[in-house]
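Chemist: This is the structure, below, for whatever I ask next.
The values are calculated or read from the model by the stated rules, or taken from the named source; none is laboratory data. Only a predicted model underlies this, so the values are computations on that prediction, with no experimental measurement involved. Here the Cβ positions follow ideal geometry from the backbone for every residue, glycine too, while neighbour counts run over all protein chains shown.
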Amino acid sequence: MMGFLYVLGDFLRTSLRQAGYLVGWAAAVGAVLASATVLVLVPLGASPTVASQHLVVLTLDPLLSEAEINRLAWQIAGWPEAVRVNFRFAGETDPEPLAERALVVEAKPEGRELLLSRLAKLAGVRKVTTLERRAEQPLLPSGTRLIALAALAVGLALALFLGQHGTRRALALWEKPREILRISGLSPLYWQGPPIALGLAVGMVGAGLFLLAWHVGLRLAPQESGWREVLRGAPWLPGVSVPAGGLLGCLGSLLRVHS
């Protein structure tokens with residue numbers, strides 16, 4: 001194993017003599033991952049996604065103590081018709097301007113009427129106000145999926161082309177050590193393994209570039225932009241993109257013309 005690691009290190013050091021070519025290869029892998037992710041995350045239709053929240057504002061009797069308010073909130077939170085219960089104070093404006101201490105209850109759409117009837121019977125509640133809040137996801141630019149599909153095709157072709165030719169160039173620079181290994185009687189792993197390891201390393205670097213660009217985009221995207229929702233919708237990205245990038249890099253190195 002130590003002998004193979006030494007050979008691998010020598011091959012990688014030799015390959016760095018064409019560092020610009022390797023960076024281009026890694027960038028192409030990152031572009032493939034980015035376009036594929038956009039295709040997965042961007043919705044097919046042109047219509048925005050609309051979500052509704054059914055809220056009930058309970059204006060409380062000012063004589064209620066903190067302990068009584070807490071007990072009331074926990075009681076409501078235990079009902080199956082309630083999604084969550086939040087505390088509000090006088091002067092707050094969400095979900096509406098409040099002049100007194102209140103509880104805001106989010107109701108399940110199918111249980112809203114039953115919840116209202118139960119809330120109306122509670123002691124310590126002076127007023128019950130119902131609200132419906134609609135959140136509409138901003139539309140992305142038209143043709144986003146088409147552009148992502150074109151970018152995927154171009155990026156994939158470029159990644160495979162650069163992988164094949166980058167590996168061939170690296171092997172040309174490493175020709176003499178490789179020939180010595182071939183005639184030494186050692187396992188083929190010693191002269192066939194390093195090119196595959198190079199593809200794996202470049203692919204993982206490409207995945208790293210993609211993840212870096214993704215996080216930068218998440219920080220810089222405007223709050224009201226539809227892209228922010230897309231960028232936030234992929235918590236699985238690190239676990240998928242790194243092995244996918246490594247696999248794509250290996251595929252490019254395996255397409256080389258064997259000498």
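Chemist: Read through the list (1) exposed (fewer than 12 other Cβ atoms within 10 Å of the Cβ); (2) assigned by TED's automatic domain parsing to the domain that holds Phe210, then give the number of the only condition that Ala120 fails.
Modeler: Among (1) exposed (fewer than 12 other Cβ atoms within 10 Å of the Cβ); (2) assigned by TED's automatic domain parsing to the domain that holds Phe210, Ala120 violates only (2).
Chemist: Scan segment 78-119 for residues that are without any contact (Cβ under 8 Å) to a residue 40 or more places away in the chain and either of a type outside the set (Val, Ile, Thr) or assigned to a strand (DSSP E or B) (or both) and report the count.
Modeler: 25
Chemist: So Pro235 ticks every box in (1) modelled with pLDDT of 90 or more; (2) not β-branched (Val, Ile, Thr); (3) not in a helix (DSSP H, G or I) but one. Which box is left unticked?
Modeler: Condition not satisfied by Pro235: (1).
Chemist: Is it the case that Ala148 is within 22 Å of Leu39 (Cα to Cα), buried (at least 17 other Cβ atoms within 10 Å of the Cβ) and touching a helix residue (DSSP H, G or I) at 6+ places or on another chain (Cβ under 9 Å)?
Modeler: When the stated conditions are applied, Ala148 passes them.
Chemist: Mind checking which residues of segment 176-195 are part of a helix (DSSP H, G or I), free of Cβ contacts under 8 Å to residues at least 40 places away in the same chain and either polar (S, T, N, Q) or out of contact with any Pro (no Cβ under 9 Å at 6 or more places or on another chain) (or both)?
Modeler: The answer is Lys176, Glu179, Ile180, Ile183, Gln192.
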